[in-house]
Amino acid sequence: MAKKIEEEPFDEETEDKTSSESEYSDEEEKVLEKERKKLRKKEIRSVLLGNFSVSDDGITIAGKNRVITPYGIADGAQNVVFLGIKQKKFVYRTTLKNYNQVTYRVYKTMADIGRVFEMESTPEAVACLIKSYVFRPVVLIFEEVRSSENKDSYLQLTACCGRSPLAIIPVLRAVSRFDSLLPKEIFRSGKKRK
């Protein structure tokens, strides 16, 4: 004996609730994205101030946002504290099949030119701090950026440095060092993102 399943009559209030729930999830996603960007900026600031720590897994990550570290004040820390951070973005292309291959090769390149660390805000990104005797420290972050529909993606390198009138010089120098050691399968696109 089969039981009959009764259908509920159409209710306008029920439909309104479902549509408002989807809008709420979009707002929630925007809030989460805003929080992620805030955490990312805080991590970059911390690294430029010279703060690192080691996670429970033994991985180097960004430390607390302290101006004075156990090793003293980092080079360029006053610009980061008072003027903020300058970012410049570059788009890259690759002939490799997947992002894992790209990540492995970029990681090896960054390990050769600086101190590699992991970002909690974007764990899939590869990041490093490049220091120099003459220029201020620069943070390089290489990641795959996806569109909102998750259909298209592109590779992006973000170079961050303490803001100053001549901040573009250490940024361009760090990016050129990165480009010179990068394998031929990964190359900078002609377009520059601002």
Any hit, the stretch 56-78, residues being at pLDDT 85 or above and surrounded by fewer than 17 Cβ atoms within 10 Å (Cβ to Cβ): no
Filter result (in a helix (DSSP H, G or I), more than 12 Å from the chain's Cα centre (by Cα) and among the hydrophobic types (A, V, I, L, M, F, W, C)) within the stretch 34-58: Val47, Leu48
Which listed residue is more than 20 Å from Asn98 (Cα to Cα) and modelled with pLDDT of 95 or more, from Leu140, Leu166: Leu140
Pair list, Cβ under 8 Å, 6 or more apart: the stretch 100-114 residue touching a residue at least 40 places away in the same chain (Cβ under 8 Å) and at negative phi, other residue open to solvent by 80 Å² or more (accessible area, probe 1.4 Å) and part of a helix (DSSP H, G or I): Thr109/Leu181; Asp112/Leu181; Ile113/Leu181
Checking Phe178 against (1) within 20 Å of Thr60 (Cβ to Cβ); (2) among the aromatic types (Phe, Trp, Tyr); (3) open to solvent by 10 Å² or more (accessible area, probe 1.4 Å), the condition it does not meet: (3)
Filtered residues of the stretch 107-151 (kept if among the charged types (D, E, K, R) and touching a helix residue (DSSP H, G or I) at 6+ places or on another chain (Cβ under 7 Å)): Asp112, Glu120, Arg136, Glu144
When residues of the stretch 123-157 are limited to those that are outside any loop (DSSP other than H, G, I, E, B) and polar (S, T, N, Q), the one nearest to Lys108 (Cα to Cα): Gln156
Residues located in the stretch 123-153, provided they are aromatic (Phe, Trp, Tyr) and surrounded by 16 or more Cβ atoms within 10 Å (Cβ to Cβ): Phe135, Phe142
Tally of residues being within 18 Å of Pro170 (Cα to Cα) and in a loop (DSSP other than H, G, I, E, B) across the stretch 71-94: 4
Residues of the stretch 95-122 satisfying the condition of being assigned to a strand (DSSP E or B) and crowded, with 20+ Cβ neighbours inside 10 Å: Phe117
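The values are calculated or read from the model by the stated rules, or taken from the named source; none is laboratory data. Source: prediction; values computed, not measured. Backbone-built Cβ (ideal geometry, glycine too); neighbour counts: all protein chains shown. Surface areas here come from the heavy atoms of the whole protein model, side chains and all, with no ligands, DNA or RNA. Shrake-Rupley method; radii C 1.70, N 1.55, O 1.52, S 1.80 Å.
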